[in-house]
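Q: Sending over a structure as structure tokens; questions will come in a sec.
The values are calculated or read from the model by the stated rules, or taken from the named source; none is laboratory data. Model, not experiment: these values are computed from the prediction. Side chains included, ligands, DNA and RNA excluded: accessible areas come from the protein's heavy atoms. Shrake-Rupley method; radii C 1.70, N 1.55, O 1.52, S 1.80 Å.
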Amino acid sequence: MARRYPFALPYTTSAKDGLAISMGLNLPQVHAALPRLKPDLVAKLQRCSVFHRETFTKAELDSIPQDLWDAIAPHIG
């Protein structure tokens, strides 16, 4: 079954999302999961901040393993 998203795609992060992503990347469990993601996606996530927006395509979001998506989803959108 295809993953459904509660926001329009492609998705551009907000300042709030950028803050949550940049803070989340410092959490040990998130840092440990980064090798499971595609390098280009990790680079985009690392560029996110309050001041820098990134746009994510459906394909990029679909490439996130389901268990990681389940942990991330409540914090974006």
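Q: What does the helix-only formula give at 222 nm for the chain: each DSSP H stretch with n ≥ 4 adding -39500 (n - 2.57), the total divided by the residues, and the result rounded to the nearest 500 deg cm²/dmol?
A: Per the formula, -12500 deg cm²/dmol.
Q: Tell me the carbon and sulfur percent of the accessible area for the chain, rounded to whole percent, probe radius 1.4 Å.
A: 63
Q: Can I ask one more? Hey, in the GNM for the chain with a 10 angstrom Cα cutoff, which one of D17, D67, D40 fluctuates hardest?
A: Highest fluctuation among the options: D67.
Q: For K58, give me every one of the lysines with a C-alpha distance below 19 angstrom, ignoring sequence neighbours fewer than eight places off in its own chain.
A: K38, K44
Q: While we're here: Residues of the chain: accessible area per residue at 1.4 Å, in Å²?
A: 66
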